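The values are calculated or read from the model by the stated rules, or taken from the named source; none is laboratory data. None of the values given here were measured: they were computed from a predicted structure. For neighbour counting, all protein chains shown are included, and Cβ atoms are generated from backbone atoms with ideal geometry for every residue, glycine included. When the accessible area is computed, the model is the full protein with side chains, heavy atoms only, and any ligands, DNA or RNA have been set aside. Shrake-Rupley method; radii C 1.70, N 1.55, O 1.52, S 1.80 Å.
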Protein chains: 2
Amino acid sequence: MNSKWRKDILTTTNQKLSIFALGGVNEIGKNMYVIQAEDDIVVIDCGAKFPDETLLGIDLIIQDISFLQENKDKLRALIVTHGHEDHIGGIPYFLKQLNVPIYATNLTLGLIEIKLKEHGLLRQTKLFMIDSESELTFGSIRTTFFKTSHSIPDCLGIAFHTSQGTIVHTGDFKFDWTPVDEHGPDIHKMAALGENGVLLLLSESTNAERPGSTPSERLVGDHIEEAFRHAPRKVFISTFASNVHRVQQIVNAAIKTNRKLALLGRSMVNVVSVAMERGYLEVPDGMLIEASEVNSMDPEKVVVLCTGSQGEPMAALSRLSSSNFRQVEVLPEDTVILAASPIPGNERSVSRIIDNLFLLGARVIYGSGSVTGLHVSGHACQEELKLMLTLMKPKYFIPIHGEYRMLHQHRILAESVGVQTENIFIVNNGDVVDIVNSEATQTRSVDAGNVFVDGFGIGDVGEIILRDRKLLSEDGMLVIVTTVSKSQGKIISGPDTISRGFMYGPESGELINEVNQLVRTTIDKMKDNSRNQRVLKQNIKKSVEKHLYSRTKRKPMILPIMIEV
Amino acid sequence: MNSKWRKDILTTTNQKLSIFALGGVNEIGKNMYVIQAEDDIVVIDCGAKFPDETLLGIDLIIQDISFLQENKDKLRALIVTHGHEDHIGGIPYFLKQLNVPIYATNLTLGLIEIKLKEHGLLRQTKLFMIDSESELTFGSIRTTFFKTSHSIPDCLGIAFHTSQGTIVHTGDFKFDWTPVDEHGPDIHKMAALGENGVLLLLSESTNAERPGSTPSERLVGDHIEEAFRHAPRKVFISTFASNVHRVQQIVNAAIKTNRKLALLGRSMVNVVSVAMERGYLEVPDGMLIEASEVNSMDPEKVVVLCTGSQGEPMAALSRLSSSNFRQVEVLPEDTVILAASPIPGNERSVSRIIDNLFLLGARVIYGSGSVTGLHVSGHACQEELKLMLTLMKPKYFIPIHGEYRMLHQHRILAESVGVQTENIFIVNNGDVVDIVNSEATQTRSVDAGNVFVDGFGIGDVGEIILRDRKLLSEDGMLVIVTTVSKSQGKIISGPDTISRGFMYGPESGELINEVNQLVRTTIDKMKDNSRNQRVLKQNIKKSVEKHLYSRTKRKPMILPIMIEV
């Protein structure tokens, strides 16, 4: 534990200070911000992002950390604000490239440890537990913390005290004045930071487009209890496993309505056990039952808490909806509660699950959280963002963690509470804000961008591979193999054409014959002039492409292979 | 024109009547419903659906019309309720398989004609113009119509008067009491139908999950005018081209704010000219300017009306947002209005466009129509659906046009206004409701389902092709070619391995060497036993797959090719 502020080494010289956005601006996901005071670099968060449907075959997107690799001798710490995927998901891949000690709170460390175990990295990684009272010093950077409210417990905002002034990074936050665990946001600490002077604020922007304030998580608890009370038979409820406060409220509602609780889905089981072990979740003895016990219980006495609220096809809710779960079944008059809003992009898969659940005869409670009361956001809306800006009253402001329109709206909010327009920096990933003599400028940038993880490969899949996958996915491919004699260029065997993903059935056979004839003609023509293989293949490719397009309006990938024997 | 009710041939015997859902239930898109009275078949609508991202390379989804092909001698007419894609998009493909006269209103015919021209089908197709006063008789089916309000003008609901009773199909509708074109819904006709007795109602379900009523289209006009008035420079506004009422309100707002109007995007130009020609859109002379004139005009005097409100990557708005339009540019302080809500699935692409427009310095007005007032739905919400059900007071009810949860909610609405639960049929595509002695039952079904259009191919792409495309899209493929001697099975040339979409760079070379060595070993082993090519290829496939997965955690498609010379 390195929680003592080592005052002795804190320098007071006017060192240049730099802030790097390596991920998390102009996007949701893969957050990573970096602070450098000359010889000391501290990284904040290391998230991952899930690819959209255009990135074929990609498993995960992480940051380009070449800047950190080039400066690894200065790298002091990775501080993690909280345990969500977009803040911790990149850690195993980071550690495979660079070793760094990690500082995080108890629950956050628990969630990080699950990942490190999966990647076989737990033993070799230095993990340090901190809390909101910790003080850390990394060379000339002294670090203090404040508690924030969010949709996962044990979140921190960070204050970096440097010779240039204080830099505050909010982490993810909302202001929940009636928190489920009675750990409210450290508003007095935030106020004190502002009073003492904040040079630069980095504040999250996820809900910057939404007016008003985000309701308290407690609101959800009341609605869950009511829904459980009115459910005639079994209750299934799906939410993010990491929303431990909501899980606690589900436990509480189950107790009050005299129901036992079963957990379905690997991440639900993992997170609940970590949260219970570390004291973030209170579940009375005998409350939890095994999934295998559900069928034999009185349906009025059961709640099944499951993963898959975002429509993930392999998660519990999706499998339940297609009657594809070995031990548990959704039956007519069972109640299914979706206690989460679909993240943009997931609407269709979530809708499909709801359709299937209705088809099974279930009562499904779904829809916008503002209507059902069964979901609230974990992020600050406009009034709360203005509160944070007002508390911190920073000289400089960088809106972080959001797509461009959110950063843009956050800038307007900052202007409205008095931050000077010219002191607000909307940056791109890779951009650097340098501070000298307490004056900030944004003039340079470093390498940053998306690194794709595909299987074991980190960064080996690039534009060419993705372009080929896209081509293959649209109209498939044809391999045309011809064996020719080395001496005369005469066809010895073939052409033989094999297609995949292109066409099927009788029409295909006829077309393949045409292709083979076309290739024969092309080879024969070329024989007389030159037997340059590259040119020959190009000619085959072009003529076959042209023919197939005119016949089918499809453009499969053509791979001509010439064998000389 | 066949608009006379030929009373003479109207039979009064008690013929069996059947209603077929061939598309449009349990889905949004590709609507097609069919009514059959013994020897007479009438088809209602022929829509298409756009594929989601899982249907790789598919251009369009249409209905399986094998039932109609088997009964083509009975096929009398295709009646089209209105001109939206999900009601007309399948017509060219239908006509390529089956000839049928088409009956539709003036504007709907205009939009159908655009499609038929594109497919070279206009001259050979019989088109009949009808209006809400038309009466058509097809054998024993007499057909009358009533006007409805929707997000396109000239919409019809249909009443089929048969010996079994009256069947009503609503088409798409809302109740707009203050319509833009002063053609309100024919509520008195609807009431009269109900008073005279409706045996079966088929009513659309798109907004059955939404409480309340949909606001009038007029509301949008006021907000558009206000937005134009406050715009400091050029205005760009994007909406569905087919929403002619909204286009009219945009024209009106442009006139009132003293701006000229340019049209961008092929479908906008097409629809506006059809609507003007046919009298659905009034645009004063001199109001329209060419896109090429925009840059030279005073920016305060211009509105650009463009396609692409759903984020379609090739449409005008997307190209404007990436500064990829030859003639027109979005400049700082220009205003861009998104007068449409993203259809589920399109949120991400629309968001990306908004981000890019903000980056260009534009003022972007976007967000939920209920907040901005710049979009209203074209579909009836719950109170309006109950009004339709109450007006028609049908004995039987089939909720149509919606995903399952919408049909389910519509059923609950029908029950709430007094339709007997056992008289409500939630059907699947292909299901048939038979009516004999004015009693309806649902016991049988016919072939129905998704037919994929890919290039010129209709229905030739099936599960196998799609599975191969998915495989290819995820990890690419390897072709391994080996030439062996026919006599001894000895390797003469190769193995040579070519990969696409799999791996790239130096690591790939090493792996390919390993694969070639593995193939050599496998062939050598086999040589001693048998030279069954099929088994040999299987063995190569399996061993290479296993090796690559252990080395890369990827599963490319493996195509071993053996040439015997």
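Assorted remarks:
- Calculated FRET efficiency, B:I458 to B:S296, Cβ-Cβ distance, R0 = 56 Å: about 0.75 to the nearest 0.05.
- The string of couplings for segment A:330-343 from the Karplus curve (6.51, -1.76, 1.60, θ = phi - 60°) is 8, 10, x, 6, 5, 10, 10, 10, 9, 9, 5, 9, x, 6 Hz, one whole number per residue in order, with x for Gly and Pro.
- Residues in segment B:292-299 carry Karplus couplings, in order, of 5, 8, 4, 4, 8, 8, 4, x Hz; the curve used is 6.51 cos²θ - 1.76 cosθ + 1.60 with θ = phi - 60°, and Gly or Pro positions show x.
- Using the average count of surrounding beta-carbon atoms within 10 Å as a protection proxy, the listed peptides B:264-270, A:52-58 rank, highest first, as B:264-270, A:52-58.
- Total charge dipole magnitude, the protein assembly as shown, about the Cα centre, Cβ charges on Lys, Arg, Asp, Glu only, Debye to nearest 20: 3280
- Relative counts (whole %) of C-alpha pair distances in segment A:218-369, using bins that are 10 Å wide: 12, 46, 37, 5, 0
- The mean count of C-beta atoms from other chains within 10 Å of the C-beta of residues in B:543-552, rounded to a whole number, is 1.
- In segment A:330-413, GluC sites (Glu not before Pro) in a DSSP loop with at most 13 other beta-carbon atoms within 10 Å: A:E333
- 7 Å along Cα→Cβ, label-point gaps from B:E133 to other copies, nm, shortest first: 8.7
- For A:N207, residues with placed amide H under 5 Å, excluding near neighbours: A:A380
- Counting only protein heavy atoms and a probe of 1.4 Å, the accessible surface of segment A:218-369 is 49% carbon and sulfur.
- Loop sites in segment A:279-322: GluC sites (Glu not before Pro), DSSP, at most 15 other Cβ within 10 Å: A:E282, A:E290
- Paramagnetic label zone (point 7 Å from Cα along Cα-to-C-beta, A:V371; backbone N under 12 Å) in segment B:372-390: B:381-383
- Residue pairs exceeding 24 angstrom between C-alpha atoms, taken from A:K486/B:K555; A:K126/A:K189; A:K30/A:K126; B:K72/B:K174; A:K16/A:K189: A:K486/B:K555; A:K126/A:K189; B:K72/B:K174; A:K16/A:K189.
- For segment A:431-447, the Karplus equation 6.51 cos²θ - 1.76 cosθ + 1.60, evaluated at θ = phi - 60°, returns couplings of 5, 10, 9, 9, 10, 10, 6, 6, 10, 9, 9, 10, 10, 10, 8, 10, 4 Hz by residue, with Gly and Pro reported as x.
- Chain A packed on chain B takes about 5300 Å² of accessible surface away from a 1.4 Å probe, both sides summed.
- Summary for B:E333: label point 7 Å along Cα→Cβ; distances to the equivalent points in the other copies, ascending, 6.8 nm.
- Relative contact order [Cα under 8 Å, 6+ residues apart], segment B:463-564, whole percent: 39
- Comparing Cα centroids, segment B:457-523 and segment B:359-377 end up 50 angstrom apart.
- Estimated translational diffusion coefficient (Stokes-Einstein, Kirkwood radius over Cα pairs, 20 °C, 1.002 mPa s) of chain A: 80 µm² per second.
- For the protein assembly as shown, the share of DSSP beta bridges that are antiparallel, to the nearest 5, is 55%.
- Mean residue ellipticity, 222 nm, helices only, chain A: the sum of -39500 (n - 2.57) across DSSP H runs of n ≥ 4, divided by residue count and rounded to 500, is -10000 deg cm²/dmol.
- Counting, for every residue in B:481-494, the Cβ atoms of other protein chains within 10 Å of its Cβ and taking the mean gives 2.
- Here is how far apart the B:D447 label points are across copies: 5.7 nm, shortest first, using a point 7 Å from Cα toward Cβ.
- Residues A:T421 and B:L98, FRET efficiency given R0 of 60 Å [Cβ-Cβ distance, rounded to 0.05]: 0.40
- Take the Cβ atoms of B:Q488 and B:Q517, set R0 to 30 Å, and the FRET efficiency comes out at 0.90.
- Distance violations [Cα-Cα > 26 Å] among B:K49/B:K395; B:K147/B:K386; A:K115/B:K553; A:K147/A:K395; B:K49/B:K470: B:K49/B:K395
- Within 10 Å of the Cβ of each residue in B:497-504, the mean number of Cβ atoms contributed by other protein chains is 6.
- Packing-based ranking of A:411-421, A:457-467 yields A:457-467, A:411-421, ordered from highest to lowest mean Cβ neighbour count within 10 Å.
- Per residue solvent-accessible surface (Å²) - chain A, probe of 1.4 Å: 40
- The protection proxy used here, the mean number of other Cβ atoms lying within 10 Å of each residue, ranks peptides B:74-80, A:534-540, B:425-431 as follows, highest first: B:74-80, B:425-431, A:534-540.
- Remark on A:V302: its backbone amide H falls under 5 Å from those of A:V235, A:K260, a criterion applied only to residues 5 or more positions apart or on other chains, H modelled at 1.01 Å from N.
- For A:L60, distant residues with modelled amide H under 5 Å away: A:V453
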